[in-house]
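Take a look at the structure below.
The values are calculated or read from the model by the stated rules, or taken from the named source; none is laboratory data. The structure displayed is predicted, hence computed values, not measured ones. Glycine gets a Cβ as well: all are built from the backbone with ideal geometry, and neighbour counts include every protein chain shown. These accessible areas exclude ligands, DNA and RNA; they are computed on the full protein's heavy atoms, side chains included. Shrake-Rupley method; radii C 1.70, N 1.55, O 1.52, S 1.80 Å.
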Amino acid sequence: SEFSYQPGEPSTPAEIAVSTDRDDYEFIELLNTRSDRSLDLTGVRFTNGINYIFPENTFLPAGARLVLARDTAAYTARYPGAPAPFAEYTGRLSNDGEQIVLSSTAGTIHDFTYNDQPPWPTAADDEGASLVLIAPASLPDHGDPASWRASTSFHFAWARSRCRRPARTGRPSS
């Protein structure tokens, strides 16, 4: 529902103390758009873009969000009011755009390609904004640039949401 593929350069003393590598401030947020049940994320994995496999017994409650961060300390320094990330992933999101694939044992959940060129929102490219899915409950085409907007402030959508942490902490895939 939101991701930051080319975050702004670290600028505050707290950020610089953690990392001067802007890629460490990347994140991907997942949202359960169901209002009636939790999603079992056991074994769900990113198979292209970043590397992460959700561990057994990981459930995302109805309406809840979770964040996977490239670096937990960097994420926490940049977004001090947001709940801690669920886990860290390995790899990096391409600053030029790339294919992102989220899969389960039953098949592909999402497979889309983002880009840093118009008609994609260009404020997410090196200006510090993230890409935010405009109407996630409508199950939009993630590969359509019109389905996304640039965030209006650093990860503000997450900070304002009612967040419930999933049941278990995961580990990145190797």
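Tabulated results
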| item | result |
| --- | --- |
| Residue match in region 63-74 (condition: farther than 19 Å from PRO136 by Cβ, surrounded by 19 or more Cβ atoms within 10 Å (Cβ to Cβ), hydroxyl-bearing (Ser, Thr, Tyr) and under 17 Å from the mean Cα position of the chain (by Cα)) | no |
| Given (1) at pLDDT below 95; (2) touching a Leu at 6+ places or on another chain (Cβ under 8 Å); (3) open to solvent by 60 Å² or more (accessible area, probe 1.4 Å); (4) not charged (D, E, K, R), number of the condition PHE59 does not satisfy | (1) |
| Odd one out for VAL18 among (1) without any contact (Cβ under 8 Å) to a residue 40 or more places away in the chain; (2) open to solvent by 40 Å² or more (accessible area, probe 1.4 Å) | (1) |
